[in-house]
Amino acid sequence: MKKSILYVAMLALSACGVKTNTTNNAAKSTDSTAVLEAARAAKPLFAKMQIRDTIKTGDSVLLKFTVYNTADSTQHFCKWHTPFEPLMSKYLDVKNEKGEEMNYLGAMAKRIMPPPASSYIKVSSKDSLTSNVDLLKAFAITKPAKYTITYVGQNMSGLVVIDSVSFVYAGR
């Protein structure tokens with residue numbers, strides 16, 4: 001009984017803030033620019049990831065993570081599960097071209113909830129903030145291949161990241 005109540009409560013909480021579109025439009029656009037514009041309209045604070053197309057094995061695998069504020073007022077986001085804090089959680093999925101997920105080797109911090117005020121970062125109106133993270137410090141990226149990175153920390157940070165990014169990890 002307790003498990004089912006807990007399950008229902010978790011399901012209800014996970015649905016909070018999820019907006020579903022019930023229209024059946026066969027001509028839906030899959031253009032990532034249109035999706036990004038829709039996300040901007042729905043939430044003025046969003047992030048975008050960038051990475052070089054090709055990285056030589058042994059070089060740093062730097063991911064650039066930029067948070068944009070399109071609102072007319074200052075906005076806040078939780079820095080937990082973002083590159084704005086040291087690698088203390090797995091907030092990215094890194095997969096090779098076969099769909100195999102690379103092992104996360106970084107720390108996994110235990111958190112107090114709700115996050116304290118010191119865990120939030122302000123982004124001024126019409127401004128952006130950027131942070132970089134070296135993926136080799138937290139993921140077992142060892143073999144030459146094409147890799148895709150997807151942000152999965154939105155439930156903690158509150159940030160929306162629409163597109164995943166890819167790079168080729170190439171031999172020297």
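Computed quantities for the displayed model
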| read-out | value |
| --- | --- |
| Accessible surface of segment 58-141 [probe 1.4 Å, protein heavy atoms]: carbon and sulfur percent | 50 |
| For K43, solvent-accessible area (1.4 Å; no DNA, RNA or ligand), Å² | 80 |
| Separation in nanometres of the label points that stand 7 Å from Cα toward Cβ, at L105 and A117 | 4.0 |
| By accessible area with a 1.4 Å probe, ligands and nucleic acids excluded, highest first: order of M88, M113, M49 | M113, M88, M49 |
| Above-threshold pairs, the threshold being 19 Å between Cα atoms, out of K98/K137; K48/K90; K110/K143; K48/K126; K48/K98; K98/K146 | K98/K137; K110/K143; K48/K98 |
| Estimated inter-spin distance, V168 and Q50, nm [label 7 Å along Cα→Cβ] | 2.1 |
| Set of segment 97-118 residues, backbone N closer than 20 Å to the point 7 Å along the Cα-Cβ line of M88 | 104-118 |
| L105 accessible area, 1.4 Å probe, all protein chains in place, Å² to nearest 10 | 110 |
| Inter-probe distance in nm under a simple model that places probes 7 Å from Cα toward Cβ, at D134 and S60 | 0.6 |
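The values are calculated or read from the model by the stated rules, or taken from the named source; none is laboratory data. Every value quoted in this text rests on a predicted model; they were computed, and no experiment measured them. Ideal geometry is used to build each Cβ from the backbone, glycine not excepted, and the neighbour counts take in all protein chains shown. Accessible surface areas use protein heavy atoms only, side chains included; no ligands, DNA or RNA. Shrake-Rupley method; radii C 1.70, N 1.55, O 1.52, S 1.80 Å.
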